Amino acid sequence: MQVSSYDPKKLEEAYGILCRSIHPDFLQNFVPFGLVLCKVLPGKTTAPHNHHENEVFLITSGQGKMQIGEECREVKNGDVVFIPAANTHQLTNSGPDDLDFYSVYWTITSDVTDDSVVEMMIPAPPTPNGALHLGHLSGPYLAADVAHRASSLIGRQSFHVMGTDDYQSYVGAKARDLKCAEKDVIQKFAPKIAQVIASFGSDISYFLKPTENSEYKEFIIRFYQKLKDDKIIKVDKYKAPCCATSNQILYGSAIAGKCPKCKEETGGNGCENCGYYNDAWDLGEAKSTIGEGAIDYVEVERSYIDLEEHREFLEKFIEKISMPAVMRHFYADYLETKLPRVSLSQPASWGIAAPLEEGNVIYEWCEMAGAYLYLVEKMKEEHPNIDFSHLRLNLAFGFDNAFFYGLLIPVLLQNKVAIQSLLTNYFLHLDGEKFSTSRNHAIWGEDILKEIHPDPLRLYLCSMRSELHSTNFRMSHFCTFVENLGEWEHLLETINNAMPVDKLPFDLNGDQKMSEVEERFLYGFNRSCTEIISFYGTKNFRINKVAKLLLDIFEQIHEYYYTGIVASDSDLSLLLLALRRAVALLQPIMPSYSRSLMKSFELDESFSVKTPVDSSSRGKIIEHFPLGLIQETIDSLEKIRP
């Protein structure tokens, strides 16, 4: 008998109330739920939040108001409240006494059972004005590829589509710097970007090259004109900053100043620091970056969209869409303010010409919304036998562009295509500082991927991915991480030695009387696998948790092997069946490594990563595990280790 005690008076602040986990450590491998004692003081309320687990509140004293989504009702002592996963909820103490309750929560995987859904992963398009560095790769490009591969792994139809952002104003800025045409800039950098994405191991279904695609340009013009026809966007003459030297209207990289929200230095139209939008004219201490600095303000005719007119739609969209809680707080705060009017065309020479607006081009963020629709139509055209009626878009991007992806683009795409989730990240720093192209403070994707295999790098970047806050990359830490992965190959080598060639192939059979150690191993292992599948899902997407869980289950397998009970073929069967599931779950993050290891197993249609390993599990191993990738990476890192 094992008994755990807790002091109900020793509570800690969390979610705006007082809480204490009373789920003892020794239960972690045996009870598939968590248990928390909670107290809401009179007049207080829990912070609104949602999570990937189902949850039950058991009210033991007091009274309050429970809100789940838009539904609100009174609750009291003795009530049991069920809160479905991914639903924003809040509990307020409306009585004179403390409101006490127990929270019981458990992981679910229901988001991966709807096989009728077609998922499309779209990362933020890289601007072809420079090379990709590790900060870029660790963000939307890693997230979109892992999400795509994971969706396919669990049986869904998935596409990973992307392209370069050729008509971005930063391309024009680079052309000015290099004193060349914009298309020359694109021809210099776009092929290198595509090559790095491929070298990183990304599985791309379609790669859009806008300036090489006349059909695309025509599609965007029709999209823009339809927005006008539907009166989603309007045209008016309003204030804009103008360079006093060149007489050019300033936006994007052509202007710099203080963000009206956080007062930090930023460029036009979006603040990298706080994520809030500016319309360039409202920057403080503004200066031109293309002239001598002085600015005039003039009235210019441009198209715009007033997001305040779409508040009701956005409030519902933000409530139902899947995203990290930290991003939901960002949008909730934004919706507390008056939403801005956003310019959707600009007087400029580089871009897609706005129809019936002489001298104006379509703003790149409006173009991007149209690009998503174009990519959808392209996939429908290339895959006529697939039913796209349940298509869901999943957008991967960095926090600095949160306004555009979570507020502007959804309005432009409303009633056209469903957005399911936002896969976001904060900045990855290098040695404690932001990646900087101008200071050459960067690890370039092309350089590092020439030296090492992408899979160990992908795993490391997932394990420290900046999903909730900025994180820091140090080459020395990465080298140590890969050295520790050497234990994986040591274990595989040991297993190979335990399987003489003359015994291969042999059947794997989980049908045996299991000891308590074996049962405990399988329970903990399968529970971890269930969590991995849940966090792989786009509705609960947390690949840093996936990476840590993968590392943990390989450690579980390692510990199980060295318990001393793996002394026969039947004992080895159980370990190999678990290893087969673990290696398959590794595939979205380390696709090449997983694929090579899976070749050692003979797979049939009965195998699924969603199926727990138990006494009914069957399989066959046909050859020894290939070795060498991790050691080769270790050897390669020795050449570039700082």
For region 377-410 the number of residues that are buried (at least 21 other Cβ atoms within 10 Å of the Cβ) and either among the hydrophobic types (A, V, I, L, M, F, W, C) or on the phi > 0 side of the Ramachandran plot (or both) is 11
Pairs, first under 16 Å from TYR561 (Cβ atoms) in region 514-539, second open to solvent by 10 Å² or more (accessible area, probe 1.4 Å) and at pLDDT below 85, C-beta under 6 Å, six or more apart: VAL517/THR563; ARG520/ASN29; GLY524/ASN29
Output the residue which, of all residues in region 452-477 that are part of a helix (DSSP H, G or I) and either touching a Cys at 6+ places or on another chain (Cβ under 8 Å) or of a type in the set (S, T, N, Q) (or both), is surrounded by the fewest Cβ atoms within 10 Å (Cβ to Cβ). SER476
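Give the residue, chosen from ASN273, ASN269, that is within 28 Å of the chain's Cα centre (by Cα), surrounded by fewer than 22 Cβ atoms within 10 Å (Cβ to Cβ) and at pLDDT below 95. Quick ask: steps written out before the conclusion?
Values: ASN269 fails: surrounded by fewer than 22 Cβ atoms within 10 Å (Cβ to Cβ).
Every option except ASN273 fails the conditions.
Okay, residues lined up against (1) part of a loop (DSSP other than H, G, I, E, B); (2) without any contact (Cβ under 8 Å) to a residue 12 or more places away in the chain; (3) more than 21 Å from ALA325 (Cβ to Cβ); (4) over 30 Å from the mean Cα position of the chain (by Cα):
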| site | (1), (2), (3), (4) |
| --- | --- |
| VAL75 | no, no, yes, yes |
| GLY78 | yes, no, yes, yes |
| PHE82 | no, no, no, no |
| THR92 | no, no, no, yes |
| GLY95 | yes, no, yes, yes |
| PHE101 | no, no, no, yes |
| VAL104 | no, no, no, no |
Scan region 411-427 residue by residue and report those that are open to solvent by less than 10 Å² (accessible area, probe 1.4 Å) and out of contact with any Cys (no Cβ under 7 Å at 6 or more places or on another chain). VAL411, LEU413, SER421, LEU422, LEU423, THR424
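Rundown of residues vs (1) farther than 26 Å from GLU483 by Cβ; (2) among the acidic types (Asp, Glu); (3) touching a strand residue (DSSP E or B) at 6+ places or on another chain (Cβ under 9 Å), yes/no style:
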residue	(1), (2), (3)
VAL361	yes, no, yes
TYR426	yes, no, yes
LEU459	no, no, no
SER466	no, no, yes
THR471	no, no, yes
Can you name every residue in region 135-153 that is open to solvent by 20 Å² or more (accessible area, probe 1.4 Å) and closer than 19 Å to SER322 by Cβ? ARG149, SER152, LEU153
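Select from region 415-438 the residues that are among the polar types (S, T, N, Q) and part of a strand (DSSP E or B) and list them in ascending order. Quick ask: steps written out before the conclusion?
Applying the first criterion (among the polar types (S, T, N, Q)) to region 415-438 yields 415, 420-421, 424-425, 436-438.
Residues satisfying the conditions are GLN420, SER421, THR424, ASN425, SER436.
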Consider PRO241 carefully, then state whether it is touching a residue at least 40 places away in the same chain (Cβ under 8 Å), surrounded by 17 or more Cβ atoms within 10 Å (Cβ to Cβ) and within 18 Å of MET379 (Cα to Cα). no
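In this structure, is GLU433 in contact (Cβ under 8 Å) with a residue 24 or more places away in the chain and open to solvent by 30 Å² or more (accessible area, probe 1.4 Å)? Can you show your working first?
Numbers: in contact (Cβ under 8 Å) with a residue 24 or more places away in the chain: no; open to solvent by 30 Å² or more (accessible area, probe 1.4 Å): yes.
Here the answer is no, as GLU433 does not meet what is asked.
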Please specify each residue of region 615-642 satisfying the condition of being assigned to a helix (DSSP H, G or I) and open to solvent by 60 Å² or more (accessible area, probe 1.4 Å). GLN631, GLU632, ASP635, GLU638, LYS639
Going through region 611-642 in order, the residues found to be charged (D, E, K, R), out of contact with any helix residue (DSSP H, G or I) (no Cβ under 6 Å at 6 or more places or on another chain) and at pLDDT below 90 are ASP614, ARG618, GLU638, LYS639
Taking strands (runs of 3 or more DSSP E) that fall entirely within region 294-366, which contain at least 3 residues that are surrounded by fewer than 22 Cβ atoms within 10 Å (Cβ to Cβ) and touching a Lys or Arg at 6+ places or on another chain (Cβ under 9 Å)? 295-306
In region 274-302, the residues that are free of Cβ contacts under 8 Å to residues at least 60 places away in the same chain and over 13 Å from PRO241 (Cβ atoms): CYS274, GLU292
If I ask for residues that are within 18 Å of LEU137 (Cα to Cα), among the aliphatic types (A, V, I, L, M) and surrounded by fewer than 15 Cβ atoms within 10 Å (Cβ to Cβ), which ones from region 173-220 would you list? ALA198
Please pick out the residue among ALA124, ALA86 that is open to solvent by 30 Å² or more (accessible area, probe 1.4 Å) and either modelled with pLDDT of 95 or more or on the phi > 0 side of the Ramachandran plot (or both). ALA86
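The values are calculated or read from the model by the stated rules, or taken from the named source; none is laboratory data. This one's a predicted model, so the numbers in the text were calculated from it and none came from an experiment. With ideal geometry, Cβ positions are generated from the backbone for all residues, glycine too; neighbour counts draw on all protein chains shown. Ligands, DNA and RNA are stripped out before the accessible areas are found, and what is left, the full protein with its side chains, is counted by its heavy atoms. Shrake-Rupley method; radii C 1.70, N 1.55, O 1.52, S 1.80 Å.
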